[in-house]
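J.: Here it is, the structure in full.
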Amino acid sequence: MTTTLDEAFSIDHLLSDEERGWRDRARAFATERIRPVIEQDFEDKHFRRELVAELGALGVLGMHLQDEGCAGAGAVSYGLVCHELEAADSGWRTFVSVQGSLAMSAISKFGSDEQKAEWLPPMARGERIGCFALTEPEGGSDPAAMRTTARRDGGDWVLNGAKRWIGLAALADVAVVWAATDDGIRGFLVPTSTPGFAATAIDGKLSMRASVQCDIVLDEVRLPSSAVLPGARGLSGPFSCLNEARYGIVWGAMGAARDCLEVSIRRATTREVFGRPIGANQLIQEKLANMLVEYEKGMLLALHLGRLKEAGRLTPAQISVGKLNSVREALAIAREARTILGGDGITNAFPVMRHMANLESVRTYEGTDEIHTLVLGRALTGLAAFA
């Protein structure tokens, strides 16, 4: 008699009916709308734009926000949705993160009432797409060295510079662009139809192939004064949005891990070598047990961070613990899963190599392992070692 992961972990007992409802709806969507097509989409480098409105109808875009048109769901509910979407593919959790945790959160936290009314309801419905332009070609780990500038010209702002690895930029209707001004780092809402704004999808990716990441060029992009986000000054603005996205990754990466573990269990109980299932061998059972232990620990950490967030007590260092642990252990689980699948594990008959490739991107964006390690080192010693 086999035990499913849900039975082994019993996380249901730690969730409310509302949280389970969000999880189940997201799981059904991922099962019905993403899983049947994701392997081919990954192969074809295809992003299914038509699913955006469906995610809006599901209520998951900006679902943690309290603004008009947003669901106002709790942090654990949002985490569970990220978990289910990334179990299907990291690219779709990334979309929800960029749209909701980055672009919409920036407008919600720092926008004027007029900006919120203009952008948030249609973005929540999936009628408009947003992107978040912070990282630059010279490097993403030191945003204080930002080269993109915004200067005043009469009553307008004029932006010049370049951004790189900006999710959804070629599809977006609005870009949240961060630029250096004489008054520090400021955020701007840039309609992507504005003259001088150009976004080009990055090709040649071996990861996140069913998603879209772009280069952006800003060449004398002229904006009215109403385009600036009035509540954001300095790097604390974009960093607060990054922490929202990092929180979703804590849950999401464990979704990819779960999918790899479930595939491994099915393979171990159905693949026969030497006249019996390979799962009857002690070494295979040890692999599965170790994978389960790390998965359970990661999920308990995610849930703990979610409860802290709902109580208003979650710190950036705690988010770094979660992001660092979840992605690191998810990658380890994916690699171990591949060994259980044998040679077939490198084919798209199984999702493991796709998850593994995607997780390499997740490991890098929203703070590399090294940056989160240094965040924790600073928290422990009081000494900064970033340079």
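J.: Tell me, which residue of segment 222-258 that is closer than 13 Å to PHE188 by Cα and among the basic types (Lys, Arg) is modelled with the highest pLDDT? If you could, list the steps in order and put the result at the bottom.
T.: Within segment 222-258, the first condition is being closer than 13 Å to PHE188 by Cα, and the residues that meet it are 222-234, 237-238.
Subsequent filtering for residues that are among the basic types (Lys, Arg) retains 222, 233.
Details: ARG222: 98, ARG233: 93.
That would be ARG222.
J.: OK, next. Surrounded by fewer than 17 Cβ atoms within 10 Å (Cβ to Cβ) and either outside the structural domain of ARG152 (by the TED database) or more than 18 Å from the chain's Cα centre (by Cα) (or both): which single residue out of ASP215, ASP203 fits that description?
T.: Working: ASP215 fails: surrounded by fewer than 17 Cβ atoms within 10 Å (Cβ to Cβ).
Checking each option against the conditions leaves just ASP203.
J.: Also: Scanning segment 283-331 for residues that are of a type in the set (Lys, Arg) and over 18 Å from the mean Cα position of the chain (by Cα), which turns out farthest from LEU80 (Cα to Cα)? It would help to see each step written out before you state the result.
T.: Keep residues of segment 283-331 that are of a type in the set (Lys, Arg), which gives 287, 297, 307, 309, 313, 323, 328.
Within this subset, residues satisfying the condition of being over 18 Å from the mean Cα position of the chain (by Cα) are 287, 297, 307, 313.
Details: LYS287: 26, LYS297: 15, ARG307: 12, ARG313: 19 Å.
Per the criteria, the residue is LYS287.
J.: Given the criterion open to solvent by 10 Å² or more (accessible area, probe 1.4 Å), farther than 24 Å from PRO191 by Cα, not aliphatic (A, V, I, L, M) and not assigned by the TED database to the domain that holds GLY248, identify the matching residue among LYS109, LYS45, LYS116.
T.: Details: LYS109 fails: farther than 24 Å from PRO191 by Cα; LYS116 fails: farther than 24 Å from PRO191 by Cα.
From the options LYS109, LYS45, LYS116, the qualifying one is LYS45.
J.: Here's something else I'd like to know. Taking the condition of being open to solvent by less than 10 Å² (accessible area, probe 1.4 Å), under 15 Å from the mean Cα position of the chain (by Cα) and farther than 13 Å from ARG25 by Cβ, how many residues in segment 51-74 meet it?
T.: The total comes to 2.
J.: Kindly provide the set of residues from segment 342-366 that are at pLDDT below 95 and either hydrophobic (A, V, I, L, M, F, W, C) or in contact with a Leu (Cβ under 7 Å, 6 or more places away or on another chain) (or both), ordered by number.
T.: Across segment 342-366, the qualifying residue is only GLU366.
J.: Quick check: anything in segment 274-293 touching a residue at least 60 places away in the same chain (Cβ under 8 Å), open to solvent by 50 Å² or more (accessible area, probe 1.4 Å) and out of contact with any Leu (no Cβ under 6 Å at 6 or more places or on another chain)? Step through it out loud before you land on a result.
T.: So the first thing to find is which residues in segment 274-293 are touching a residue at least 60 places away in the same chain (Cβ under 8 Å), and the list is 278, 292.
Okay, now just the ones that are also open to solvent by 50 Å² or more (accessible area, probe 1.4 Å), so none.
No, segment 274-293 contains no residue that is touching a residue at least 60 places away in the same chain (Cβ under 8 Å), open to solvent by 50 Å² or more (accessible area, probe 1.4 Å) and out of contact with any Leu (no Cβ under 6 Å at 6 or more places or on another chain).
The values are calculated or read from the model by the stated rules, or taken from the named source; none is laboratory data. From a predicted model like this one, the values you see are computed outputs, not experimental measurements. Methodologically, a virtual Cβ is constructed for each residue, glycine included, from the backbone with ideal geometry; neighbour enumeration extends over all protein chains shown. These area figures cover heavy atoms from the full protein model, side chains too; ligands, DNA and RNA do not enter into them. Shrake-Rupley method; radii C 1.70, N 1.55, O 1.52, S 1.80 Å.
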